[in-house]
Structure formats: structure tokens, C-alpha cells
């Protein structure tokens, strides 16, 4: 039988994959990211199909040059990273990562919602899918994993996600408009960005998702309807209401804020933003998850580099492993000792 594509990718990346409890990771530029101390690591074995990576979108990637178009081969060079093309790019990256680590993957084609911003689809879809998994991990179409060889279990350990954690999201990049911070809630706490969401299956998590989805009805949270259409929509509603609700924020590890530098922005993010006049924005480089919120034009090229970096590491390891067969040096005749010639060693030493 022909090998399964998922198994093929898992085996291909096996030589460079990090274990969940590895003490640290050093990238090609020498930057070192520390893992959790061994005695603090909750996730020591791969979660495999207990974890779902999901893309949720109302845009349909089924049209011309889209990934779910069954009529023609996709043309990567001419794929446009906007609209459904951006969705196609996100799917390709997230699906590849899921196959490498043995996770389940799903693209969820959501129906458009009436009289509310479309990103509000997330909470009710999360609630629908979570009962079938221990974890769900969601990424926006403009977010990618920075290093394909690092598993989510390693990231969970680094971020302090435990068996008690219900949800984890990254702190948003700090941003100012008219010298006023726009990335904090009304209490001054940084907003958590819902472009990367980790959810763990608990009964309380499902209750929390119901409260989040129904927040704009104001049955439970007065004033939440403001975020039906106003930026940042479901993200701001979570920050203003859900995370402050004592029913859900029951312990220090119930709702985790992932460091901005780990899961927001990208290398060069701050420099580009300040060149555009966005002075004072956080210097978040997306060390583990890159989120190109304000740089979608860079995503295609940068995402391609991420894949090529991993493939080159695999090739390098393999060619060195078989160096006896793959590397041959031509002998320089001048370096060959002529054993027939008498040599006066005393003369040389003198």
C-alpha cells in the first residue's frame, strides 16, 4: 500500500522535531528559547489526535486557485494572499504543521452571521468542536507557526498551560492612537488577541464559551453589545467581561496570557510599524507563532522561508549522516608523500 501522506510528513520531520520536554530551542540565528524546567512540564508525551488545529472562516477557499478547488492544480507562485487566497495560505501552513506532529486538522466553513462582525463566529464554533478533543488550537489565516519542528506540547509547557487551564491567548501588541493606548481593556490590562487561541476541554470551558458567544445579548454582561461591530469585537468582549468573571477566572492558570513576543508580530514588526508612523508599538517578534496582523503582504514570502528553513535542516542532517557516501575530496598530488625519495631530516631540522 502507498504510504499515507500524513505519516510521510511525520517521518520526514522526525530528525529535527523537538521533544515536549526538551530544555530549550536554538534557532538558525542563534536565538535561544528556554523550555519549562523538567519538574514543571505538564505535557511530557505527544497529544496526537487528542488535539485539533482548526481554521474557522466565512470566506470560501473553493474558487479559482484555491486549495479546496477540485478542478485544477493550485498555482503557488500566483496565489494571491488576500481574501480566500489568504485563507488558502493559512490552511496550507496549518495543515502541514498538524501532519508533522500527528494532530487532527479541520477547516470549518462557518456561515455568515447577521448584524454582528463575522469574527464573532469563533466562540460558538469552539463550543461545538471542543467536546470531541482534549485541546483545540485556532489560528487566524494570517498566523503561522514560526518553527515547524517545535510541537505545541513544548509551547504549552513553556507558557505554563496546565491541566487546569481553560484558555490561553497572547497579549496583544501594545499600540497607541493619539497617544492613547488601544490594546488594553477598561481596567488597563492588556487585551488578549483571539487570532491564536488554545482551548482545553473542561465543563467550565464550555460554560465560558457560551457566555462569550452570548456576550453581545447583554443578558449577562451589560454593555457588551458595544463590541458587536466595534473593534476589536469578540476579542475585546473577552478582555472586558469573560476574563474578569470570577466564575471562569478561578485560578492563576485558568486563563493564560501568552507573552506577546512568543505569539504576536514577526521579526522586524516594530521597525516596520514605526516607519509607518505607529510610534510606541510593542516589539513583538513572534518567536513561536507569527501573526502578520498589519503585514499580510509579507506573509507569503515569510511563510515560504519557514518551510524552507526546516527542509534545509532536514537535508543538512541527512547529508552529513551519509557523508561517507555523499562527500568526496579530490586528493592533491602535492600532498602525497614520495616514499621513494631519500630525505635528509637533519638538513630539514637545521
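Summary table below
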{"item": "The stretch 46-117: C-alpha gyration tensor shape, a/c 1.5 cut-off, then a/b vs b/c", "result": "oblate"}
{"item": "Sequence-separation-based contact order of the stretch 36-109, relative, with Cα cut under 8 Å and 6+ spacing, percent", "result": "45"}
{"item": "Computed E for residue 322/residue 10 - FRET, C-beta separation, R0 25 angstrom, nearest 0.05", "result": "0.75"}
{"item": "Volume in Å³ per residue [convex hull over Cα atoms, computed for the chain]", "result": "242"}
{"item": "Gain upon complete extension [residue 70, residue 112; 0.36 nm per residue less C-alpha separation]", "result": "12.8 nm"}
{"item": "Cβ crowding within 10 Å averaged over residues, with 201-207, 99-105 ranked highest first", "result": "99-105, 201-207"}
{"item": "Kirkwood Rh, Cα atoms: Rg over Rh of the stretch 264-310", "result": "0.99"}
{"item": "Contact order normalised by residue count of the chain, Cα under 8 Å, 6+ apart, percent", "result": "18"}
{"item": "Mean Cβ neighbour count within 10 Å, used as a protection proxy, ranking 10-18, 30-38, 49-57, 283-291 highest first", "result": "283-291, 49-57, 10-18, 30-38"}
{"item": "Globularity ratio of the stretch 112-221, using Cα Rg and 2.2 N^0.38 Å", "result": "1.18"}
{"item": "Cα-based helix-to-principal-axis angle, 84-101 vs the chain, degrees rounded to 10", "result": "60"}
{"item": "0 to 90° range, to nearest 10: angle between helix 203-213 axis and the chain longest Cα axis", "result": "70"}
{"item": "Cα-based shape type of the stretch 197-307, given that a ≥ b ≥ c are square roots of the gyration tensor eigenvalues and the cut on a/c is 1.5", "result": "prolate"}
{"item": "Distance in nm between pseudo-label sites at residue 124 and residue 62 (7 Å out along the Cβ direction from Cα)", "result": "2.0"}
{"item": "Per-q log10 I(q)/I(0), the stretch 203-268, q = 0.19, 0.21 Å⁻¹ (Debye; single scatterer per alpha-carbon; no solvent)", "result": "-0.79, -0.90"}
{"item": "Relative contact order for the stretch 112-205, counting Cα pairs under 8 Å that sit 6 or more residues apart, in percent", "result": "35"}
{"item": "Between helix 296-321 and the chain: long-axis angle, C-alpha atoms, 0 to 90°, nearest 10", "result": "40"}
{"item": "In nm, spacing of pseudo-spin labels at residue 278 and residue 311 (7 Å Cα→C-beta vector)", "result": "3.0"}
{"item": "Helix-only mean residue ellipticity at 222 nm for the chain, each DSSP H run of n ≥ 4 adding -39500 (n - 2.57), per residue, nearest 500", "result": "-9000 deg cm²/dmol"}
{"item": "5 Å-binned pair-distance histogram of the stretch 1-88 (Cα, whole percent)", "result": "3, 10, 12, 13, 14, 16, 15, 11, 5, 1, 0"}
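The numbers here are math on the coordinates, done by the rules we state, and not lab data. Only a predicted model underlies this, so the values are computations on that prediction, with no experimental measurement involved. Every residue, glycine among them, receives a Cβ derived from its backbone with ideal geometry; neighbour counts consider all protein chains shown.
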